[in-house]
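Engineer: Here it is: the structure, laid out below.
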Amino acid sequence: MSETYVKFGTLLRLERERRGIKLEAVSGDLKIPIETLLRVEDGDVDSLPGELYFRLFAKSYAELLGIDFTRTIEAIREELGESLEPAAPENTAVRNPKRAPETVSQSASSEPQARKPGRIGVVLAIIFVIGLAVGAAIYFLWLKKAIAETSPVEPILENTTDISPTFEYESTRDTAPYVSGDTMVLVLYARVGSWASVLADGDTLLSQMLTPDREYRGRASEQFIVSLGKPTLVDVTLDGRPAQLADPETGQVSQVVIDKQNRELFYAPIDSVDSVRLR
């Protein structure tokens, strides 16, 4: 069982439960059996006919939840230290340079018999590969058609794979002070990969794995709702000041509500500023 797929399946389940979506609803929209969705959430590739089927089901599931399948898989693999590209297979067919020369009579008598089974094996291998490719293509087209035919009257979830124009990430650190006004500014900086979800004024700005050493900035007029998978490994600033969002008792950041009335409660104390990264 791949640790990458286990972590990805866990993220799917946590995001679905956080949004309050029943597994039956996902099964009805994607036309995928509940048993198969449970195996996807468990990352159980071995229980399906092959990895290709797992990836097809998992990608459809992720798109329904507004999660970028490819970017999230790459982020998990980077966190686990796995190679992003499979290594090229080694060529094990090496000729023996010390092979004793054959006589003219031996070569003439043995060459036809040696070539015949070799050609048959190549033909059978080609036929087998073509059969697999055709079968996979037919299944993919069928699955794509089945998903396209299921068009609910109202979409259950908003596609949040594209970052909202009000939420952006930057490659450099901004040290400009916050200017008081009607807009609240929230900045996240992940020192390692961490799952994050940010809603601003009811709109989903971010719902994905954060890339290490990358800054994410958002603005809201009334309210932020923030969830972090690894709060201790993500630096947060609010209105240009270091912020502490974690619950003092649990150390978790789960659906923390920040508005104009309570935002000052999340500012970090002055004596702890040196321990928090400034933006």
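Engineer: Just how large is the dipole of the stretch 1-63 about the Cα centre, in debye to the nearest 20, putting +1 at every Lys and Arg Cβ and -1 at every Asp and Glu Cβ? Numbers along the way, then the final one.
Structural biologist: Details: 10 positive and 12 negative charges, 51 e Å.
Around 240 debye, computed over the stretch 1-63.
Engineer: Could you order peptides 70-82, 219-231 by the average number of other Cβ atoms within 10 Å of their residues, highest first? Can you show the working numbers first?
Structural biologist: Numbers: 70-82: 15.5, 219-231: 19.1.
Order by mean packing, descending: 219-231, 70-82.
Engineer: Now, a different point. Order of 9-22, 203-216 by packing, highest average Cβ count within 10 Å first? Walk me through the numbers on the way to the answer.
Structural biologist: Numbers: 9-22: 16.1, 203-216: 19.3.
Per-residue Cβ counts within 10 Å, averaged per peptide and sorted highest first, yield 203-216, 9-22.
Engineer: Then there is this: Taking a 23 Å limit on the Cα-Cα distance, which of the listed pairs Lys7/Lys145; Lys22/Lys59; Lys22/Lys260; Lys59/Lys145; Lys59/Lys144; Lys22/Lys230 fall beyond it? Could the numbers behind the result be given before it?
Structural biologist: On the way: Lys7/Lys145 29 Å; Lys22/Lys59 18 Å; Lys22/Lys260 33 Å; Lys59/Lys145 15 Å; Lys59/Lys144 12 Å; Lys22/Lys230 25 Å.
Lys7/Lys145; Lys22/Lys260; Lys22/Lys230, as the Cα separations exceed 23 Å there.
Engineer: Got a number for carbon plus sulfur as a percent of the stretch 1-67's accessible area, 1.4 Å probe?
Structural biologist: Ligands and nucleic acids excluded, carbon and sulfur give 50 percent.
The values are calculated or read from the model by the stated rules, or taken from the named source; none is laboratory data. If you're wondering where the values come from, they're calculated on a predicted model, not measured in any experiment. Cβ coordinates were reconstructed from backbone atoms using ideal geometry, including for glycine residues, and neighbour counts include every protein chain displayed. All accessible areas refer to the heavy atoms of the entire protein, side chains included, with ligands and DNA or RNA removed. Shrake-Rupley method; radii C 1.70, N 1.55, O 1.52, S 1.80 Å.
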